[in-house]
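Asks: Sharing a structure here in structure tokens format.
The values are calculated or read from the model by the stated rules, or taken from the named source; none is laboratory data. All values reported here derive from a predicted model rather than from experimental measurement. We place every Cβ from the backbone using ideal geometry, glycine too, and count neighbours over all the protein chains shown.
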Amino acid sequence: MKKTLFAAALFATAAVGAMAPASAASVAYKLDPAHTAVVFIVNHLGFANAVGRFNAVSGEVAFDKEAIQNNAVTVSIDTASVDTNHAKRDEHLKSPDFFNAKEFPKITFKSTKVEKSGEKTGKLHGELTLLGVTRPVVLDVTFNKDGVSPASKQETVGFSARGTIKRTDFGMKYGAPNIGDEIQLLIEAEAVKA
Amino acid sequence: MSELLHDPFVQSSVLPLLAGVLAVGGIHVLKPVRGLAAAGIGAAFLAVFALVVGVPALPPPSSMGKLFWAASAGVALGAAADGLGVKDRAGSALVAAWLAASLVWIAMPALDSAAGVLTLLVLLAVAAWVAFGRMPGRAEGATAPAAALLALALAVGGTALIGSSASVAQMALALAAATGGFLLWNWPVERHVWGVSGQAALGVIVLLAGVLALFTQTQAIVLLLALPALLAGRLRRHLPVPDTGFGRAAGAAAVTVVTVLPALAAVGAAYLLGGAEASPY
């Protein structure tokens, strides 16, 4: 059970992070883009929440089941892959008002620490870089499962992560607070042995 | 009141118009030097930018931040030049140097592609036209260059709005409204001279067009259709109106209306290319 908790924390970092030097016992995994989703939720003028996602996410995980402190994750998101199911809104989100995709084509996360908080849960600390601004963030992660996937026949690990950031902390001020400042992050990810 | 100030329509029209009227009027009442009144346009623009987008950090991390500080430098430079009595070729050279340096600074992150370099070259050519197309400080009426600024600002604002670049649209329309404040002070009687401050305000719209062309998906090429607005001065000189108070007032109004037509053509082209649907946020 301890192993699975460690795995949960480790792979949660994969949702958003960057790979640090791994220990000799760590095993390299890569995020599976077909089964990884980085979703954001933002309040829309107080009426409801708008939901969007990034369609191009890549990342690497150094996973050590025996020593959680050695686990590390790097994640890179293509800013221009933002998708809210509305072409004009996506165009606006890519503009300098929001993600400024031409000037800042990548959003990156680099894990710094993983803390155990429960049997299958943990807190993933890391540094998120958005619009060229780097800030510490903490994600609540849940390890779901590891083992050989019956579909791909590959060693796979899966996790979920949740967190909240303030977009104005990263200089994304346009429309705030009418378009919510707090952004909820939902990350679901599978990684396969590299 | 706070809700009113957060309304995008108010931010882009009523507020900058009032700011323009007050800023130009304040300078007019103080009567410090000729040509300085147009600095009220730039000052109103900067005030609205600070309200809508916020004052960007220094050094600015993005093109919009660079735009604000470059525009601030232009407004300060124009005011200082007018205060010192700089005009004609010296004034034009000053504006050209500031505008070229600002454009290169803003464009730098986009210069890793041929399209980015080509866009910058086009912007520099337009900047040269803006800077040298009219000698600042001459005792000609200020309506024609102000009408050119109004037209270009409307073109950039309308095109940006269609292209879902809301803050650029708001800033451009705010510049148009502030210019409207200046025009109100100069109609039916033209009271002010278009000095280096005015030329710098024209430069600010080139900077906004640069951000739009380089960092958004907007069909900014349509803005080339609005460039004939820069011929407003020539149009004014050749307009067959009597040299009377009524004739000059009618001429100023006619020049303003005709100068805006190329801007409407540019916005129309943007509409045809990009569709009228705006971002729903």
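Asks: Report yes if residue A:118 is closer than 29 Å to residue B:110 by Cα and not in a strand (DSSP E or B), otherwise no. Working first, answer last.
Replies: Details: closer than 29 Å to residue B:110 by Cα: no; not in a strand (DSSP E or B): yes.
Answer is no for this residue.
Asks: Then there's this: For the condition modelled with pLDDT under 95, within 19 Å of the chain's Cα centre (by Cα) and either under 27 Å from residue B:160 (Cα atoms) or among the acidic types (Asp, Glu) (or both), what is the one hit in A:66, A:60?
Replies: Testing whether each residue is modelled with pLDDT under 95, within 19 Å of the chain's Cα centre (by Cα) and either under 27 Å from residue B:160 (Cα atoms) or among the acidic types (Asp, Glu) (or both) leaves just A:60.
Asks: Next question, about the same structure. Looking only at residues in the range A:103-116 that are in contact with a helix residue (DSSP H, G or I) (Cβ under 9 Å, 6 or more places away or on another chain) and within 21 Å of residue A:168 (Cβ to Cβ), which one is nearest to the other protein chains (Cβ to nearest Cβ)?
Replies: Step by step, filter the range A:103-116, then rank; the result is A:103.
Asks: Across the range A:155-178, what is the total count of residues that are within 14 Å of chain B (Cβ to nearest Cβ) and touching a Leu at 6+ places or on another chain (Cβ under 7 Å)? First the steps, then the outcome.
Replies: Let us first name the residues in the range A:155-178 that are within 14 Å of chain B (Cβ to nearest Cβ), namely A:167-178.
This time we only want the ones that are touching a Leu at 6+ places or on another chain (Cβ under 7 Å), so: A:170-172, A:178.
Qualifying residue count, the range A:155-178: 4.
Asks: I need the full set of residues from the range A:82-99 which are more than 7 Å from every other protein chain (Cβ to nearest Cβ), buried (at least 18 other Cβ atoms within 10 Å of the Cβ) and not in a loop (DSSP other than H, G, I, E, B), in order please.
Replies: If the condition is that a residue be more than 7 Å from every other protein chain (Cβ to nearest Cβ), buried (at least 18 other Cβ atoms within 10 Å of the Cβ) and not in a loop (DSSP other than H, G, I, E, B), then A:82, A:90, A:93 are the ones that fit.
Asks: Further, regarding this structure: Do you know which of the residues in the range B:144-161 that are within 22 Å of residue A:88 (Cα to Cα) and aliphatic (A, V, I, L, M) is modelled with the lowest pLDDT?
Replies: Only one residue fits best here, namely B:161.
Asks: Which one of B:69, B:129, B:98, B:105 is among the aromatic types (Phe, Trp, Tyr) and either outside any helix (DSSP H, G or I) or more than 18 Å from the chain's Cα centre (by Cα) (or both)? Walk me through how you get there before you give the answer.
Replies: Values: B:69 fails: either outside any helix (DSSP H, G or I) or more than 18 Å from the chain's Cα centre (by Cα) (or both); B:129 fails: either outside any helix (DSSP H, G or I) or more than 18 Å from the chain's Cα centre (by Cα) (or both); B:98 fails: either outside any helix (DSSP H, G or I) or more than 18 Å from the chain's Cα centre (by Cα) (or both).
Exactly one of B:69, B:129, B:98, B:105 is among the aromatic types (Phe, Trp, Tyr) and either outside any helix (DSSP H, G or I) or more than 18 Å from the chain's Cα centre (by Cα) (or both), namely B:105.
Asks: Sticking with this structure for a sec: Got a sec? Which of B:149, B:118 is in contact (Cβ under 8 Å) with a residue 12 or more places away in the chain and not in a loop (DSSP other than H, G, I, E, B)?
Replies: From the options B:149, B:118, the qualifying one is B:149.
Asks: With the condition kept exactly as written, say whether any residue in the range B:45-54 is in contact (Cβ under 8 Å) with a residue 24 or more places away in the chain, crowded, with 24+ Cβ neighbours inside 10 Å and of a type in the set (Gly, Ala, Ser).
Replies: The answer is no; no qualifying residue exists.
Asks: Here is a further query. I'd like the full set of residues that are surrounded by fewer than 23 Cβ atoms within 10 Å (Cβ to Cβ) and away from chain A (no Cβ under 14 Å), limited to the range B:209-235.
Replies: B:221, B:224, B:225, B:227, B:228, B:230, B:231, B:233, B:234, B:235
Asks: Within the group B:71, B:174, which residue is in contact with a Pro (Cβ under 6 Å, 6 or more places away or on another chain), modelled with pLDDT of 95 or more and under 14 Å from residue B:205 (Cβ atoms)?
Replies: Result: B:174 is the single residue among B:71, B:174 that is in contact with a Pro (Cβ under 6 Å, 6 or more places away or on another chain), modelled with pLDDT of 95 or more and under 14 Å from residue B:205 (Cβ atoms).
Asks: Which number in (1) at pLDDT 90 or above; (2) within 30 Å of residue A:130 (Cα to Cα) marks the one condition that residue B:76 misses?
Replies: Residue B:76 satisfies all of (1) at pLDDT 90 or above; (2) within 30 Å of residue A:130 (Cα to Cα) except (2).
Asks: Right, another one. Can we say residue B:168 is surrounded by 20 or more Cβ atoms within 10 Å (Cβ to Cβ), out of contact with any Lys or Arg (no Cβ under 8 Å at 6 or more places or on another chain), of a type outside the set (S, T, N, Q) and within 14 Å of chain A (Cβ to nearest Cβ)? Steps first, answer last, please.
Replies: Values: surrounded by 20 or more Cβ atoms within 10 Å (Cβ to Cβ): yes; out of contact with any Lys or Arg (no Cβ under 8 Å at 6 or more places or on another chain): yes; of a type outside the set (S, T, N, Q): yes; within 14 Å of chain A (Cβ to nearest Cβ): yes.
For residue B:168, the condition - surrounded by 20 or more Cβ atoms within 10 Å (Cβ to Cβ), out of contact with any Lys or Arg (no Cβ under 8 Å at 6 or more places or on another chain), of a type outside the set (S, T, N, Q) and within 14 Å of chain A (Cβ to nearest Cβ) - is met.
Asks: Hey, another quick one. (1) in a strand (DSSP E or B); (2) away from chain B (no Cβ under 14 Å): which one isn't true of residue A:152, the others all being true?
Replies: Going through the list (1) in a strand (DSSP E or B); (2) away from chain B (no Cβ under 14 Å), residue A:152 breaks only (1).
Asks: Could you give me the residue pairs with C-beta distances under 7 Å whose first residue belongs to the range A:71-98 and is farther than 20 Å from residue B:275 by Cβ, whose second residue is surrounded by fewer than 22 Cβ atoms within 10 Å (Cβ to Cβ) and basic (Lys, Arg) wherever it lies, and which are 6+ apart or on separate chains?
Replies: Listed by first residue and then by second, the contacts come to A:74/A:110; A:76/A:106; A:77/A:106; A:78/A:106; A:79/A:106.
Asks: May I pose another question? Would you confirm, using the coordinates I've provided, whether residue B:67 is away from every other protein chain (no Cβ under 14 Å), under 23 Å from residue B:133 (Cβ atoms) and hydrophobic (A, V, I, L, M, F, W, C)?
Replies: no
Asks: Here is a check on your reading of the model: is residue B:29 of a type in the set (A, V, I, L, M), over 15 Å from the mean Cα position of the chain (by Cα), in a helix (DSSP H, G or I) and more than 14 Å from residue B:198 (Cα to Cα)?
Replies: It is true that residue B:29 is of a type in the set (A, V, I, L, M), over 15 Å from the mean Cα position of the chain (by Cα), in a helix (DSSP H, G or I) and more than 14 Å from residue B:198 (Cα to Cα).
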